[in-house]
Amino acid sequence: MTTMRRKTIKECPECASKNIYRNMERGETICRDCGLVLEDRMVDFSQEWRDFDDDSGGSRRRTGAPTSETQFDQGLGTEVGSTSDFYKLGSDRERDRFFRLRKWNIRISTAIERNLKVALAELKRVSSFLRLPRSVEEEAARIYRRAVQKGLVRGRSMESVIAGALYAACRRHEIPRTLDEMGEASGIEKKEIGRTYRFVTRELEISIKPSNPADYIPRFASALKLTAETQSKAVEILEMARDIELTSGRGPTGIAAAALYVASLIHGEKRTQREVADVAGVTEVTIRNRYKELIKKLKLTKQVDKSKKK
């Protein structure tokens with residue numbers, strides 16, 4: 001075993017010589033002048049470089065790929081031989097046996113594995129469409145795997161359960177994505193996604209915090225090309241609305257869009273209600289109703305009127 005010492009010995013305690021030799025293969029430290037073995041059985045704390053593939057050409061790899069929930073076998077599957085191994089076989093009988101073993105090794109045995117192989121590929125596609133980070137993708141795959149193992153997919157479309165798992169993962173990681181966006185990416189109606197999401201989280205006992213409207217502000221502001229001052233004002237308006245419990249019982253996207261609309265009026269970066277509604281994925285009526293509530297309850301009428309005069 002190749003070893004490496006943790007603490008360096010600078011001189012021999014017997015002859016005070018500094019001519020120290022370290023045999024890394026045997027794990028020993030020896031004084032070359034007097035021959036005293038200063039240390040043996042040293043532990044190697046460096047990386048373990050091993051390679052069991054004869055066809056690697058002397059490459060030095062640490063280990064294989066890390067496990068991943070986004071693969072049906074979690075990345076732990078193995079492969080019987082490779083194409084190059086075929087030419088090393090002598091008889092036709094050995095070649096037939098080789099291909100038969102490869103076929104059975106590749107073949108997926110259980111129904112759950114077959115379901116996961118198809119479903120996780122669709123999950124990666126939807127996640128890529130929504131530009132979700134890898135952590136959300138892994139969490140969604142973990143949720144879907146638990147749902148399959150518990151039999152929650154029966155009687156429901158695979159796509160709706162995938163969308164529900166992705167939406168739950170986004171909520172857990174506090175990454176704002178609306179049901180409309182999930183529906184657009186997966187091709188499933190948002191009502192069906194919401195119904196499946198509530199069912200899966202309830203059956204799997206997944207605790208999810210209420211969505212924070214302020215999480216949507218940066219995305220909406222970026223799409224509307226608003227300044228940082230307007231974003232800060234929108235977050236301030238939402239905090240004021242939360243303090244008087246104005247955000248309770250209202251959709252987070254609608255009130256976030258309305259707060260951003262009010263902030264844009266105050267800072268003179270006027271955007272139409274139609275533009276804000278299209279970005280937020282809500283109706284103009286929702287923007288208008290939330291806007292009126294914010295103006296009235298937070299007494300922002302004077303600030304808005306003052307900006308309009310300018």
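The values are calculated or read from the model by the stated rules, or taken from the named source; none is laboratory data. Because the structure is a prediction, the values reported are computed rather than measured. Neighbour counts are summed over all protein chains in view; Cβ atoms, including those assigned to glycine, are modelled from backbone coordinates with ideal geometry.
Before moving on, here are some points about what is shown:
- Selection within the range 262-274 - surrounded by 17 or more Cβ atoms within 10 Å (Cβ to Cβ) and out of contact with any Ser or Thr (no Cβ under 9 Å at 6 or more places or on another chain): VAL262, GLN273
- Residues satisfying the stated conditions in the range 12-43, i.e. part of a loop (DSSP other than H, G, I, E, B), in contact (Cβ under 8 Å) with a residue 24 or more places away in the chain and surrounded by 12 or more Cβ atoms within 10 Å (Cβ to Cβ): CYS12, GLY27, LEU36, MET42
- Positions within the range 224-244 being under 17 Å from LYS292 (Cβ atoms) and loosely packed, with under 13 Cβ neighbours inside 10 Å, in sequence order: ILE244
- Selection from the range 222-247 of residues that are assigned to a loop (DSSP other than H, G, I, E, B) and either of a type in the set (Val, Ile, Thr) or within 19 Å of LYS299 (Cβ to Cβ) (or both): THR227, ILE244, GLU245, LEU246, THR247
- Going through (1) within 19 Å of the chain's Cα centre (by Cα); (2) at pLDDT below 90 one by one, VAL136 falls short only on (2).
- Among all residues of the range 181-190, there is at least one that is more than 21 Å from LEU116 (Cα to Cα) and either in contact (Cβ under 8 Å) with a residue 60 or more places away in the chain or not assigned by TED's automatic domain parsing to the domain that holds ALA140 (or both).
- Matching residues, the range 265-274, being within 17 Å of SER232 (Cα to Cα) and in contact (Cβ under 8 Å) with a residue 12 or more places away in the chain: LEU265, ILE266, HIS267, GLY268, GLU269, ARG271
- Test: residue in the range 287-301 that is closer than 15 Å to TYR216 by Cα and surrounded by 17 or more Cβ atoms within 10 Å (Cβ to Cβ): yes
- Qualifying residue in the range 275-285 (condition: assigned to a loop (DSSP other than H, G, I, E, B) and in contact (Cβ under 8 Å) with a residue 12 or more places away in the chain): yes
- Just one of the numbered conditions (1) part of a loop (DSSP other than H, G, I, E, B); (2) under 33 Å from the mean Cα position of the chain (by Cα) is not true of ARG271: (2).
- Candidates SER211, SER160, SER207: the one that is under 30 Å from ALA263 (Cα atoms) and either part of a helix (DSSP H, G or I) or modelled with pLDDT under 90 (or both) is SER211.
- Some residue of the range 73-96 being within 30 Å of LYS117 (Cα to Cα), in a helix (DSSP H, G or I), among the charged types (D, E, K, R) and modelled with pLDDT of 65 or more: yes
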